[in-house]
Amino acid sequence: MNVTYDRNQVRATITCVLAFLFFLPPAFAQEWVKYRSERDGFEMEIPPGQQVRVVETTYQSWTGFTLPARIYSVERGAERYSVTVADYTGVQALGRAKLKKCTEGDEICTGTPLSGEGYWKHDLRGAMLYAASNLIKRDAKFLDMAWDQISRISTIQVSLINNRDESRTYALVTMNKRLLYIVEGTVPKGAASAVRFGGSFSMIARDGSNTGGFAYPSLYSNEIYGVGDIPGPPPAQGSEGGAREYRPDEFN
């Protein structure tokens, strides 16, 4: 049996197929893969086929404390993704050690009951703001800064355009139990936004007690709870846990 084809029909069919492939939803594309760090209590998604490089380093805090830190990074061509984790858990001991070098009357060095020995409490309270300020001091055009939350943990968003090559950076700064997280995604000019990387970042239990994320039952601020001046916060719940309901007349 001979079969004949109309060239216009064939062309139309190919065009439809290509259009279908172009508009396929993300589920049909190569999915990014999850990466978890129970050591530092976070989860993120990275481009497929990439390896995460982990580097032990140090981080200089606002008042000059040298803190242990780790950088988790991935590069794919001109794309760069990273999570820097600075560990503030030993900052009080560093503040007390600083007292030995203070001169009499230097309140910023010695501290007060409010600021802590060696100013460690204020250093901890200002950690997120200091990290965000370092981002916007780069050789880049500042686009936006906004408040957000991750797992009901207070978070700062920063968006920048590099002045040299016009690459775009989308960054998050958040802090949980004295661990500071600086999450950065940078993509070249004209590429899809790096928001996907930041949006994939979430908290997990550091002890491996659950396989998914978690959320606090109400807003967590390291500025309040991390210093330890007041008890709390309430125990975090699995990601399915919701915020406590309240009555509209409760605050009247």
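Okay, residues lined up against (1) touching a residue at least 60 places away in the same chain (Cβ under 8 Å); (2) within 20 Å of Glu45 (Cβ to Cβ):
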{"position": "Ala127", "(1), (2)": "yes, no"}
{"position": "Asp148", "(1), (2)": "no, yes"}
{"position": "Asn163", "(1), (2)": "no, no"}
{"position": "Glu166", "(1), (2)": "no, no"}
{"position": "Lys189", "(1), (2)": "no, no"}
{"position": "Ser193", "(1), (2)": "no, yes"}
{"position": "Arg206", "(1), (2)": "yes, yes"}
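The set of residues from the range 139-156 being loosely packed, with under 13 Cβ neighbours inside 10 Å and β-branched (Val, Ile, Thr) is empty.
Restricting Glu107, Glu56 to those that are on the phi < 0 side of the Ramachandran plot and over 22 Å from the mean Cα position of the chain (by Cα) reduces the list to Glu107. Residue under question is Tyr181, and the condition is that it be within 30 Å of Ala97 (Cα to Cα), under 11 Å from the mean Cα position of the chain (by Cα) and buried (at least 20 other Cβ atoms within 10 Å of the Cβ); does it hold? Judged against the criteria, Tyr181 is a match.
Here Gly242 fulfils each of the conditions (1) touching a helix residue (DSSP H, G or I) at 6+ places or on another chain (Cβ under 9 Å); (2) at pLDDT below 95 apart from (1). Annotation for the range 117-131: no member residue is modelled with pLDDT under 95, closer than 29 Å to Gly95 by Cβ and in contact with a strand residue (DSSP E or B) (Cβ under 8 Å, 6 or more places away or on another chain).
In this structure, does Ala93 turn out to be out of contact with any Gly (no Cβ under 9 Å at 6 or more places or on another chain), under 28 Å from Gly228 (Cβ atoms) and in contact (Cβ under 8 Å) with a residue 40 or more places away in the chain? No. Residues of the range 173-231 that are within 23 Å of Asp123 (Cα to Cα), at pLDDT 90 or above, of a type outside the set (Val, Ile, Thr) and part of a loop (DSSP other than H, G, I, E, B): Lys177, Arg178, Leu219, Ser221.
When you look at Ala86, is it over 25 Å from Asn222 (Cα atoms) and not charged (D, E, K, R), yes or no? Spelling it out, it is not the case that Ala86 is over 25 Å from Asn222 (Cα atoms) and not charged (D, E, K, R). If we keep just the residues of the range 35-86 that are in contact with an Asp or Glu (Cβ under 6 Å, 6 or more places away or on another chain) and touching a residue at least 40 places away in the same chain (Cβ under 8 Å), which is farthest from Lys101 (Cα to Cα)? The qualifying residue farthest from Lys101 (Cα to Cα) is Arg36.
The values are calculated or read from the model by the stated rules, or taken from the named source; none is laboratory data. Everything quoted here is computed from the prediction, not taken from an experiment. Here Cβ is always computed from backbone atoms with ideal geometry, including for glycine, and neighbour counts include all displayed protein chains.
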